[in-house]
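Following: one structure in structure tokens, then a few remarks.
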Amino acid sequence: MINKQTNQLIPYRLIVLLIDDHFCARDGVKLLLEQIFPDIVVFEAESIEEGLLIARSEPLDLLLLDTQLMGKDWREGLGELKQEFPCLSVVVFSGLDEPELMLESLRLGAMGFIPKSVSKQEFVEALQHVLIGQPYLPASVVGCGSPCMKYSSLATDNKADARAALNLLDLGLTHREFEVLSWLVQGKCNKEIARCLGISEQTVKNHLRPIFQKFEVNHRAELVVKAFQRGIMFNKPKVGN
């Protein structure tokens, strides 16, 4: 939930899984998470296989995945995790910071990519955005002043409506396509978007095709990045028709 006075994320009980084959790294991240969040449960795994077993038995809110694992490649592991748990928020947390790697993590279904070189404040801000459904990429990849999407006020007002209308005209999107895009940039999978809009999953796919064409992209990750780079403003999408 959000503290309305400070606009900061306050998890009532956060359940996190760390997958990293270095126990020192896990201990450090676990300690940091416990300092940040007042009520948190942190599970640890040394491998993708061990992580899958934990994910099957615990109601996880967030999974932090390292890219340099012994055994199974992290890409294959991320694919397996997202296939079995498509709505689980996964953040790749890595000592590598190549832009191509960051974009690939989003393409494979991650909600964000956090380099291990970030400051404590940046780490906190990244997790806050992911936990409220906003994808995260470092500013170096987004290519703008902020590493996260600039959202308009959640309250509906004339200025916000005008911004949304302007974006529709600029992008050449229909109203429904704009709604689908609004949910997609918040990290929703097709199943969740369908439920939020009261439409079928196939209809969501039908809307995504022209959106991809208008943005000239082939993957969801590219679409999110393009939206970031354009600084698109979204009101909170409405649920249902």
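Listed by first and then second residue, the pairs linking a residue in segment 18-42 that is among the basic types (Lys, Arg) to a residue that is in a loop (DSSP other than H, G, I, E, B) and modelled with pLDDT of 85 or more, with Cβ atoms under 7 Å apart and 6 or more places separating them unless they lie on different chains, are ARG26/ASP20.
The set of residues in segment 10-20 being in contact with a helix residue (DSSP H, G or I) (Cβ under 8 Å, 6 or more places away or on another chain) and at pLDDT 50 or above consists of LEU14, VAL16, LEU17, LEU18, ILE19, ASP20.
Just to be sure, is PHE212 modelled with pLDDT under 85 and of a type in the set (Phe, Trp, Tyr)? In short, no.
Can you spot a residue in segment 14-25 that is in contact with a Ser or Thr (Cβ under 8 Å, 6 or more places away or on another chain) and either crowded, with 19+ Cβ neighbours inside 10 Å or of a type in the set (S, T, N, Q) (or both)?
Checked against the condition, which is being in contact with a Ser or Thr (Cβ under 8 Å, 6 or more places away or on another chain) and either crowded, with 19+ Cβ neighbours inside 10 Å or of a type in the set (S, T, N, Q) (or both), segment 14-25 yields at least one hit.
Restricted to segment 21-49, and to residues there that are of a type in the set (Gly, Ala, Ser) and out of contact with any helix residue (DSSP H, G or I) (no Cβ under 6 Å at 6 or more places or on another chain), the residue that is nearest to GLU76 (Cα to Cα) is SER47.
Checked against (1) surrounded by fewer than 17 Cβ atoms within 10 Å (Cβ to Cβ); (2) modelled with pLDDT of 85 or more, ALA45 meets all criteria but (1). Only one of the numbered conditions (1) among the polar types (S, T, N, Q); (2) in contact (Cβ under 8 Å) with a residue 24 or more places away in the chain; (3) part of a loop (DSSP other than H, G, I, E, B) is not met by SER117, and that is (2).
Based on this model, can you work out whether SER105 counts as in contact with a Leu (Cβ under 6 Å, 6 or more places away or on another chain), under 24 Å from LEU184 (Cβ atoms) and either among the β-branched types (Val, Ile, Thr) or not assigned by TED's automatic domain parsing to the domain that holds LYS188 (or both)? No, not satisfied.
Give the residues of segment 12-42 that are in a strand (DSSP E or B) and either among the hydroxyl-bearing types (Ser, Thr, Tyr) or over 20 Å from the mean Cα position of the chain (by Cα) (or both), sorted by residue number. Scanning segment 12-42 gives a single hit, VAL41. Contact map, segment 95-109: first residue basic (Lys, Arg), second residue part of a helix (DSSP H, G or I), Cβ cut-off under 8 Å, separation 6 or more or different chains; pairs are ARG107/ARG220; ARG107/ALA221; ARG107/GLU222.
Please determine, by comparing only the residues of segment 172-209 that are part of a loop (DSSP other than H, G, I, E, B), small (Gly, Ala, Ser) and modelled with pLDDT of 90 or more, which one is nearest to SER105 (Cα to Cα). So, considering only residues that are part of a loop (DSSP other than H, G, I, E, B), small (Gly, Ala, Ser) and modelled with pLDDT of 90 or more, the one nearest to SER105 (Cα to Cα) is SER200.
The values are calculated or read from the model by the stated rules, or taken from the named source; none is laboratory data. Note that the structure is a prediction, hence the values are computed from the model and not measured. We place every Cβ from the backbone using ideal geometry, glycine too, and count neighbours over all the protein chains shown.
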